[in-house]
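Note sheet for the following structure.
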Amino acid sequence: MMEAGPDGFSLVAALAIVIMLCGTTAMLTLVVKHPEGQGPQFWAPAYMLTMASTVVMVVRPPQHDPVVALIGSAAFVLSYMLLLIGYARFLRRPPLWWPTIAVLSVYIVALVWFTLAAPQPGMRVGINSLAVALFTGATCFILLHDMRDALFHSQAFLATVFGIAAAIAVIRSLLAFLGLLSGGGFTEGPLGEGAYLVPAIHLLLVAGGTRMMLFQHRRQRFSGSASDAGLPPPDPGFPSAAGGRPPR
């Protein structure tokens, strides 16, 4: 999905890499500050994969190197799968390994076919966008379905960000499948090389929302512990402290 334009490396692409680096640094910080969490261990590798994919696609344009296009696109989609698993684990939902691996396997088979066996850049863009839409849409659903009162604002923000990303990916996938996109490159749309900024800014917003969610979660846990610790001991003369009967 990340493909460089015909002019290769540019200042716009460099700005996208800088923004992506900021998001990756933020996620790595969350791993250090929240080692007990179930999500950061998946979120940080996801951002590192996206960062590596972006750098490879920018530095070595994949138009004439199908292997680069294959590896870069697969790494980008895999990063969104890891984000989905991370949020599911954070919200303590049942493991999503089997459905996500099944979707990823079908995607990789189709990607290899339309990249190496029967090269069709338009179809490759379509399946890349469709895979991203599935993972971001599922992440949006999980965040909305398991909404917690203490995390309402951060979860609602993240769900909105992932929902918008899913909608954009669905539209791009339909346009690619219908042959309405000019060419098959990531930067051959109306935004040109500015298209690199879209996923970079999206992941930066996700990092900010995730940081806020973890902060709210930790504050809720500490406030709950402090409330429990500050409760006075029960009165021996109170009925509940003596098996429900007052002393005689």
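The values are calculated or read from the model by the stated rules, or taken from the named source; none is laboratory data. This one's a predicted model, so the numbers in the text were calculated from it and none came from an experiment. With ideal geometry, Cβ positions are generated from the backbone for all residues, glycine too; neighbour counts draw on all protein chains shown. Areas reflect the complete protein model, heavy atoms only, side chains present, ligands, DNA and RNA absent. Shrake-Rupley method; radii C 1.70, N 1.55, O 1.52, S 1.80 Å.
Worth pointing out:
- Where a residue in region 93-110 is free of Cβ contacts under 8 Å to residues at least 60 places away in the same chain and its partner, wherever it lies, is in a helix (DSSP H, G or I) and exposed (fewer than 12 other Cβ atoms within 10 Å of the Cβ), with Cβ under 9 Å and at least six apart: 93/145
- Filter result for residue 89 (of a type in the set (Lys, Arg) and at pLDDT 90 or above): yes
- Residue match in region 119-127 (condition: touching a Pro at 6+ places or on another chain (Cβ under 8 Å), outside any helix (DSSP H, G or I) and at pLDDT below 95): yes
- Across region 33-55, the qualifying residues are those that are in contact (Cβ under 8 Å) with a residue 40 or more places away in the chain and among the hydrophobic types (A, V, I, L, M, F, W, C), and the one among them that is surrounded by the most Cβ atoms within 10 Å (Cβ to Cβ) is 43.
- All positions within region 128-153 that are in a helix (DSSP H, G or I) and without any contact (Cβ under 8 Å) to a residue 24 or more places away in the chain: 141, 144, 145, 149, 152
- Residue list for region 167-196, filter: open to solvent by less than 10 Å² (accessible area, probe 1.4 Å) and either among the charged types (D, E, K, R) or at pLDDT 90 or above (or both): 169, 173
- Restricting 135, 141 to residues that are under 28 Å from residue 15 (Cβ atoms) and modelled with pLDDT of 95 or more narrows the list to 135.
- Residue within region 93-106 that is buried (at least 21 other Cβ atoms within 10 Å of the Cβ) and more than 16 Å from residue 66 (Cα to Cα) present: no
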